[in-house]
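Notes follow once the structure below has been shown.
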Amino acid sequence: MKNKAGFGNIGRVFFFMIFLLAACSTTPAVKYYTLNPFSEMQPDISQAVSGTPLSIGVGPVKFPKFLDRPQIVTRKSQHRLEVSEFHRWAGSFSEDFLRVLAKNISMLLPADRVAAYPWTDRFSPSFRIPLTVEQFDGRLGGDVVLNVTWSVWHQKDANGPVIKHTRIKEPVSAEDYEALVAAQSRAIAALSRAIVMEIERVSDRD
């Protein structure tokens with residue numbers, strides 16, 4: 001009887017261990033995110049560009065390799081980044097960035113067409129906006145920082161491009177990835193306004 005009881009206890013312990021191992025081996029589901037245009041943006045049409053049809057090519061954009069990846073990158077400290085395996089971009093981070101930037105600009109300017117790079121050979125934009133992103137990450141519950149160098153190439157301007165550097169900081173409202181991505185979308189909205197102001201200024205010189 002004692003042997004049977006002992007085997008019964010061993011069996012229960014064995015199955016309990018299997019249950020624990022199965023529970024530990026269950027991985028979290030991967031969550032996917034996208035950047036979005038800022039829906040509350042209103043047209044910002046000045047006299048410099050009103051009545052003047054524009055075509056704007058947004059891009060190309062260069063991203064650091066450590067950012068342009070499927071996983072979302074957060075900053076833990078000045079010298080330390082964290083790559084999340086379970087929080088990922090639904091598509092290409094750089095392509096999503098350009099898509100949202102182009103959409104925001106199209107909402108702010110009376111442009112005939114705003115296209116994100118790459119565009120077809122038939123499209124000859126009057127303004128081209130290439131960008132180099134140096135930093136676009138943030139801390140959960142902290143801030144998102146967008147550091148970007150960009151330029152405005154005007155088709156009719158023989159003086160060359162206007163080169164600008166913009167640093168934008170947006171607070172992250174909660175310690176989760178959805179709040180982080182929302183803050184990144186707001187940072188792109190702020191960059192869109194800066195680019196539109198520069199296009200207006202360049203147009204005013206014509």
Checked segment 73-90 for anything farther than 17 Å from Pro171 by Cα, within 14 Å of the chain's Cα centre (by Cα) and either surrounded by fewer than 14 Cβ atoms within 10 Å (Cβ to Cβ) or hydrophobic (A, V, I, L, M, F, W, C) (or both); matches are Trp89, Ala90
So for segment 53-70 (the condition being over 24 Å from His165 (Cα atoms), open to solvent by less than 30 Å² (accessible area, probe 1.4 Å) and either at pLDDT below 95 or of a type outside the set (Val, Ile, Thr) (or both)), does at least one residue qualify? no
Name the single residue that is nearest to Lys76 (Cα to Cα) among those in segment 157-167 being without any contact (Cβ under 8 Å) to a residue 24 or more places away in the chain and within 18 Å of the chain's Cα centre (by Cα). Arg167
Could you grab me the full set of residues in segment 54-103 that are of a type in the set (Asp, Glu), within 29 Å of Val196 (Cα to Cα) and either touching a helix residue (DSSP H, G or I) at 6+ places or on another chain (Cβ under 7 Å) or in contact (Cβ under 8 Å) with a residue 40 or more places away in the chain (or both)? Asp68, Asp96
Would a scan of segment 176-188 turn up a residue that is within 20 Å of Ser77 (Cα to Cα) and among the polar types (S, T, N, Q)? yes
Among the numbered criteria (1) within 23 Å of Pro171 (Cβ to Cβ); (2) in contact with a helix residue (DSSP H, G or I) (Cβ under 8 Å, 6 or more places away or on another chain), which single criterion is violated by Glu134? (2)
Checked pairs for segment 171-187, first over 14 Å from His87 (Cβ atoms), second of a type in the set (Phe, Trp, Tyr), C-beta under 7 Å and 6 or more apart or across chains, list as Ser185/Phe38; Arg186/Phe38
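Per-residue answers, yes or no, for (1) closer than 13 Å to Ile129 by Cα; (2) of a type outside the set (A, V, I, L, M):
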residue: Gln155; (1), (2): yes, yes
residue: Lys164; (1), (2): yes, yes
residue: Ile168; (1), (2): no, no
residue: Pro171; (1), (2): no, yes
residue: Tyr177; (1), (2): no, yes
residue: Arg186; (1), (2): no, yes
residue: Ser192; (1), (2): yes, yes
residue: Glu198; (1), (2): yes, yes
residue: Ser203; (1), (2): no, yes
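The values are calculated or read from the model by the stated rules, or taken from the named source; none is laboratory data. From a predicted model like this one, the values you see are computed outputs, not experimental measurements. No Cβ is skipped: glycine too gets one built from the backbone with ideal geometry, and neighbour counts run over all protein chains shown. In case anyone asks, the SASA skips ligands and DNA or RNA and just uses the protein heavy atoms, side chains included. Shrake-Rupley method; radii C 1.70, N 1.55, O 1.52, S 1.80 Å.
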